[in-house]
Number of protein chains: 4
Amino acid sequence: MKKQEDADMSGSRRIRTDLALETTERFAEENTEIRGVEVHEEYDEEKDVRTTVVKIVTENGAKSMGRPQGTYITIEAPELSTPDEDYHREISEEISTHLRKLIDLEKEKSVLVIGLGNAAITADALGPQVVDNLLMTRHIIKEYGLRGIKHKKMHRISGIAPGVMAQTGMETAEIVQGIVSETKPDVVVAIDALAARSVRRLSRTIQITDTGIHPGSGVGNHRNGLTEENLQVKVIGIGVPTVVDAATIVHDSMAHLLDTLEETEQKEFLDEMITPNLYSMFVTPKDVDETIKYLSFTISEGLNIAFSQV
Amino acid sequence: MKKQEDADMSGSRRIRTDLALETTERFAEENTEIRGVEVHEEYDEEKDVRTTVVKIVTENGAKSMGRPQGTYITIEAPELSTPDEDYHREISEEISTHLRKLIDLEKEKSVLVIGLGNAAITADALGPQVVDNLLMTRHIIKEYGLRGIKHKKMHRISGIAPGVMAQTGMETAEIVQGIVSETKPDVVVAIDALAARSVRRLSRTIQITDTGIHPGSGVGNHRNGLTEENLQVKVIGIGVPTVVDAATIVHDSMAHLLDTLEETEQKEFLDEMITPNLYSMFVTPKDVDETIKYLSFTISEGLNIAFSQV
Amino acid sequence: MKKQEDADMSGSRRIRTDLALETTERFAEENTEIRGVEVHEEYDEEKDVRTTVVKIVTENGAKSMGRPQGTYITIEAPELSTPDEDYHREISEEISTHLRKLIDLEKEKSVLVIGLGNAAITADALGPQVVDNLLMTRHIIKEYGLRGIKHKKMHRISGIAPGVMAQTGMETAEIVQGIVSETKPDVVVAIDALAARSVRRLSRTIQITDTGIHPGSGVGNHRNGLTEENLQVKVIGIGVPTVVDAATIVHDSMAHLLDTLEETEQKEFLDEMITPNLYSMFVTPKDVDETIKYLSFTISEGLNIAFSQV
Amino acid sequence: MKKQEDADMSGSRRIRTDLALETTERFAEENTEIRGVEVHEEYDEEKDVRTTVVKIVTENGAKSMGRPQGTYITIEAPELSTPDEDYHREISEEISTHLRKLIDLEKEKSVLVIGLGNAAITADALGPQVVDNLLMTRHIIKEYGLRGIKHKKMHRISGIAPGVMAQTGMETAEIVQGIVSETKPDVVVAIDALAARSVRRLSRTIQITDTGIHPGSGVGNHRNGLTEENLQVKVIGIGVPTVVDAATIVHDSMAHLLDTLEETEQKEFLDEMITPNLYSMFVTPKDVDETIKYLSFTISEGLNIAFSQV
């Protein structure tokens, strides 16, 4: 999260969001259609779950969106951070369904799950907690064989929470690259706590994408992304916004004021308003402990369901 | 942290701070002297440690400051959240010295230390982590007697991290009241993570007061304070600001703008700017895990030093 | 776990067990019937769950069994430490059913759940982890009233993990006594990790009793029990054996040899065999982390189910 | 810890120890001198610290000892698990001195520290906790350069706690191999909780060796060792015995009895005595939480001191 702001094609400075959906919304607000980007939305009224699939299909679309070509599925479920077990089960099924569309799980696969983030900071502990709840099978198959455990087919699941750079002295991407080279999975699934633009989105949105994890995401500072380009295997990214940059909060609160200013004035105004300290701060809900507990459980169940059948 | 705003004597709405020092600073900005309040400041240039003692000595002073009569010691040490062991040792000695002024440790005392806050939220885990590092002696003296452990005199130290209301279903004050009634300590020392007004203050300021802990402090929601009035024993409060209310950040960024508005306009403006969600959010540094680790160690060492001699 | 051995009625020294069932089994081995003790056993073949209800109904029975009059329900379920969710759900229902027999939950009750043990030692963390997963309601009802949360009737649930004496400097019984005096629950439910006699029993047995928790149980050292006599409210104890005393292991391995010796020779032999160090050691399974995780989840679900309806 | 017993040169079955020192002691008991093995012992009476250096210098010595050629330094310090900070500082210095003999730290080195073991099982959490307290520098040098942080020379320290196979589905050796290939350290330092033969040794002995970590060590099950042969870089192993195999306890208690039996009788006797369950159990002290906390602090300080100077 080094660079708080992105230059997009329009040249104006925008504060970062990790959610593709938030970018399409901005275009929608401006009544702009984006070429090369397909948006499909479904709403389940009964469950109050909205699923939006954003497909970036051309290079131009990628440029407009400021993110790579690929599929971005967003599940919005307001009750995600409440302790209703049946509701969470349904979201787990939903996650499982989408995963099965992005990964061909009809054939036996070797899957490496990476729980990104810092387990010692509650808001950043989503990834590590998901890996903690995951059923690993790779070592059992390796030791006893499928016959030994009376299965005909089975996915080989492995996983690790590699920690963050301040804890390890290593880029997360270096660690993952090393493990991928050594254990040769067919696909990597990386789980991460994301930064949203809006507090409204926190703890109630799950983004699943086949484009991996990109730099500048989340609470921590992953300089190198986890992508198919880097790792030479398919990378699925699953993210939940759990924080908003502190600077974003101030920025957004003053959006209306900013609109009345010229671009150069905007920059001056912001530089004055937002103290440098703010860029090393994040905003998170006061019940973040409960929230992360429920969310990590729901996602790990989603993975467990998806991986339990061949 | 239910009520985000306080009415002070001037009638204007002010966002809450747990630090007496921040209140005196506001008055200083306005060039107002406060009757019934004595402020004494010392600065150790070599160590870059500033110690301010605020004494509220009259009922009027208490009213002006919006907090009870008593002594508020603030230690400001910019390097508090860095891993320099020798520096931390000096701050621990400083804490110990002030504690010995507030508690008469010349005579044997029975001290109950309360680690307030939610151990599962990093920014709120200061209190529980301090208790974790504390040397307890009460049970040993009770079991073997002083002679059994070859001491002539010794303070009887006990401690607990009672958790927060969402975890226990009980007011923290109820739990502490019960334990105080049963174990009858001479003095209670309560450690808490506080809310500051300014991000500049975070993780570098320690407040020690003989007025206990008051409602509306910190990350959590302690409705009933821990005070001598409630518990019938002296209560020392030790607090470190680790969070700022999200709403405060926005409010403060717009302070200059607000100054140009009438009071009623100010309110309208703020209501529009600050979305209700923001009131359930807090702002905290991205390295809060390291920060809390060092701070809790420094404070627990301060207590251990103070309590090790009679 | 101060005293490792108990004198039972026969005068011979026996190494301690926290399970009533293990005591009845010893009598059964010796083909002795115990007056004043009723044993009723049920076995569900399909689920492979055995439930034994031991009722100690006379003072003589209590003397023979070395434990107070009351009901001791033991659920033996070999699959308890495996990750089969449906199986655990059934055991949770079973726990709930027995709780409803021991506590009259037809009427609204105020229940205080105590998670005994040391959260920092995996084998002793059962109690704290159960409390962690419990739905607390007392504070919500207190704040909003039943009407506020749209319920007609509801149990008021509160809970705490008080830590162990080495952590707090206080007897657990002192802390609980204080909280009981202050919050006045109708019933206390105390969860504890127990010491079994046999490794065969570990992590697959749940004991529920209306006689509370007695000294000398578990990994830690609770000198004063949690009983109706002490606390002046009904106390339900729920325990799972997670450790065996290290000395017991040696003792039992040599049981046949011991049988060939005279009583005084037995003592000498044991004193020589069992080094004093062994008495400060415990034996626990290598997968104790997974085991405690599943068990605490199953028990907390059992409590949540029992308390969810009036 | 799959195989509990080892065949040594004499053909008799011996229960496993991870400590070279315990093997030399057995020979000493039998008054046997071991060719190809040099033993040098020093005792600091004032500090009550005994340091033994065992050097296995020939292939024959390696065969006799049942472990590879190399240097095994054992520091025995009875007060290691007590909270005396000055004492721990001295042991940290001692560790640092020995490390500097085994690694040439006169030249800048890139060091990867591996914290082996399961952080969720207290007795096995030594390695992860050491890594937790370590000062990482590699990422800072990589980002800012030495000039950027105003140093002329500096070791590049990185580290990770890779978890155990049951948590990751991967061999620890696979993970470490991958990270070594990717980050190319000059030397690997692996910290592990070991299994001792005798409870007397627990938590008071530190073994440092330049032969790495070998299969069958500790609480967990590392099938493939971490050795120079596997990883193609020098591997220093630092281990502290924190557990004893449960079967060992029984075995050793009966040592005198066993001596009276023929070899085949011994085997029969043991098979009868030691129930198979015991092989999946370990023995550990009741204060293992405090013990691991102090030990991990002492070792991480030892590493920090050793690595702080070039």
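The values are calculated or read from the model by the stated rules, or taken from the named source; none is laboratory data. Only a predicted model underlies this, so the values are computations on that prediction, with no experimental measurement involved. Counting neighbours? That spans all protein chains shown, and the Cβs are built from the backbone with ideal geometry, glycine included. What goes into the accessible areas is simple: the full protein's heavy atoms, side chains included, and nothing from ligands, DNA or RNA. Shrake-Rupley method; radii C 1.70, N 1.55, O 1.52, S 1.80 Å.
Cα centroid separation, the stretch A:39-73 to the stretch A:133-179: 30 Å.
Annotation for the stretch D:281-303 versus the stretch D:240-264: alpha-carbon center distance of 25 Å. Each other copy holds its own label point for C:Gln232; taking that point as 7 Å from Cα along Cα to Cβ, the gaps run 1.4, 7.5, 7.5 nm, nearest first. Computed over protein heavy atoms with a 1.4 Å probe, the accessible surface of chain A works out to 43 Å² per residue.
Of the residues C:Ala119, C:Thr137, C:Ala196, the one whose Cα sits farthest towards the positive end of the charge dipole of the stretch C:5-307 is C:Thr137 (charges of +1 on Lys and Arg Cβ, -1 on Asp and Glu Cβ, taken about the Cα centre). Overall, the ratio between the Cα radius of gyration of the protein assembly as shown and 2.2 N^0.38 Å, rounded to two decimals, is 0.95.
Between the beta carbons of C:Ser308 and A:Glu42, assuming R0 = 41 Å, the FRET efficiency works out to 0.80 to the nearest 0.05.
When the P(r) is computed for the stretch A:126-285, the part past 19 Å accounts for 65% of the Cα-Cα pairs. What separates the D:Asp84 label point from its copies, with the point 7 Å along Cα to Cβ, is 3.1, 5.4, 6.1 nm, written shortest first. Against chain C, whose longest principal axis is taken from its Cα atoms, helix C:20-29 shows a tilt of about 30°. When restricted to Cα atoms, the stretch B:223-310 yields an Rg and a Dmax of 19.5, 58 Å, respectively. For C:Val187, nonlocal amide neighbours, meaning residues 5 or more places apart or on other chains whose placed amide H falls under 5 Å from its own, are C:Ser110, C:Leu112. The residue list B:Ile75, B:Gly61, B:Val39 was ranked by how far each Cα lies along the charge dipole of the stretch B:30-80 toward its positive end, using unit charges on Cβ atoms, and B:Gly61 comes out on top.
Find the sum over both chains of the accessible area lost when C and D are paired, probe 1.4 Å, and report it in Å² to the nearest 100.
Using a 1.4 Å probe on protein heavy atoms, the buried area is about 2600 Å².
Taken residue by residue and averaged, Cβ atoms of other chains lying within 10 Å of the Cβ of A:198-206 number 2. The mean number of partner chain beta-carbon atoms within 10 angstrom of a residue's beta-carbon across peptide A:123-135 is 2. Report for the protein assembly as shown the percent antiparallel among DSSP-assigned beta bridges with both residues inside it, nearest 5. Of those bridges, close to 60 percent are antiparallel. Each Lys and Arg adds +1 at its Cβ and each Asp and Glu adds -1 at its Cβ; summed about the Cα centre, the stretch C:5-307 shows a dipole of about 1660 debye. Remark on D:Val49: its backbone amide H falls under 5 Å from those of D:Asp44, a criterion applied only to residues 5 or more positions apart or on other chains, H modelled at 1.01 Å from N. Below 8 Å between Cα atoms, with a sequence gap of 6+, how large is the relative contact order for the stretch B:5-307 in percent? That works out to 21 percent.
Which order do A:Phe269, C:Phe27 take when ranked by solvent-accessible area (1.4 Å probe, heavy atoms of all protein chains), largest first?
Putting A:Phe269, C:Phe27 in descending order of accessible area: A:Phe269, C:Phe27.
I'd like the projected area of the stretch C:5-307, averaged over all directions, using the convex hull of its alpha carbons. Report it in nm² with one decimal.
The orientation-averaged projected area of the Cα hull of the stretch C:5-307 comes to 16.8 nm².
Measure nothing but the geometry: give the 0 to 90° angle between the long axis through the Cα atoms of D:172-183 and the longest principal axis through the Cα atoms of chain D, rounded to 10°. Once rounded, one gets 20 degrees. Each peptide in B:138-150, D:141-153 gets a packing score, the mean of other Cβ atoms within 10 Å over its residues, and the list from highest to lowest is B:138-150, D:141-153.
The charge dipole of the protein assembly as shown, taken about the Cα centre with unit charges on the Cβ atoms of Lys, Arg (+1) and Asp, Glu (-1), comes to about 0 debye, rounded to the nearest 20.
Using a probe of 1.4 Å, the accessible surface attributed to D:Glu42 totals some 110 Å² when neighbouring protein chains are kept in position.
Counts of other chain beta carbons within 10 angstrom of each beta carbon in peptide C:112-121 average 3. Extents of the stretch D:113-161, taken as max minus min of Cα coordinates on every principal axis and listed largest first, are 42, 14, 11 Å. For A:Lys153, list the lysines whose Cα falls under 17 Å from its own Cα; do not include residues on the same chain fewer than 8 positions away. Straight-line reach from A:Lys153, under 17 Å: A:Lys107, A:Lys109, A:Lys142.
Label-point spacing at B:Ala28 relative to the other copies reads 5.0, 6.5, 7.7 nm, in ascending order, each point sitting 7 Å out from Cα along Cα→Cβ. Basic side chains Lys and Arg get +1 at the Cβ, acidic Asp and Glu get -1 at the Cβ, and with that the dipole of the stretch C:38-86 about its Cα centre reaches some 660 debye.
Summarising the rotation from chain B to chain C, the nearest chain B beta-carbon to the axis and its distance in Å are given as B:Gly178, 2. Note that the stretch D:59-71 has calculated 3J(HN,Hα) couplings of 4, 5, x, 4, 5, 4, 7, x, 8, x, 4, x, 10 Hz, one per residue in order, obtained from phi through the Karplus relation 6.51 cos²θ - 1.76 cosθ + 1.60 (θ = phi - 60°); glycine and proline are x.
Only beta bridges with both residues in chain B are counted; by DSSP, about 60 percent of them are antiparallel.
Taken one residue at a time, the phi angles of the stretch D:227-240 give Karplus couplings (6.51, -1.76, 1.60, θ = phi - 60°) of 9, 4, 4, 6, 9, 6, 9, 4, 10, 9, x, 10, x, 10 Hz. Gly and Pro are set to x. Protection proxy ranking for C:242-249, B:157-164, using the average of other Cβ atoms within 10 Å per residue and placing the highest first: C:242-249, B:157-164.
In order along the stretch D:244-255, the phi-based Karplus estimate (6.51 cos²θ - 1.76 cosθ + 1.60, θ = phi - 60°) of 3J(HN,Hα) comes to 10, 4, 4, 5, 4, 4, 5, 3, 5, 4, 9, 3 Hz; Gly and Pro are listed as x.
Scaled against 2.2 N^0.38 Å for its residue count N, the alpha carbon radius of gyration of the stretch B:21-128 is 1.27. The portion of the accessible surface of the protein assembly as shown made up by carbon and sulfur, rounded to a whole percent, is 47 (1.4 Å probe; DNA, RNA and ligands excluded). Accessible area of A:Ser110 (1.4 Å probe, protein heavy atoms only, ligands and nucleic acids ignored): about 10 Å².
Across the options C:Gly225, C:Ser92, C:Ser158, the greatest Cα extent toward the positive end of the charge dipole of chain C (unit charges at beta carbon of Lys, Arg, Asp, Glu) belongs to C:Ser158.
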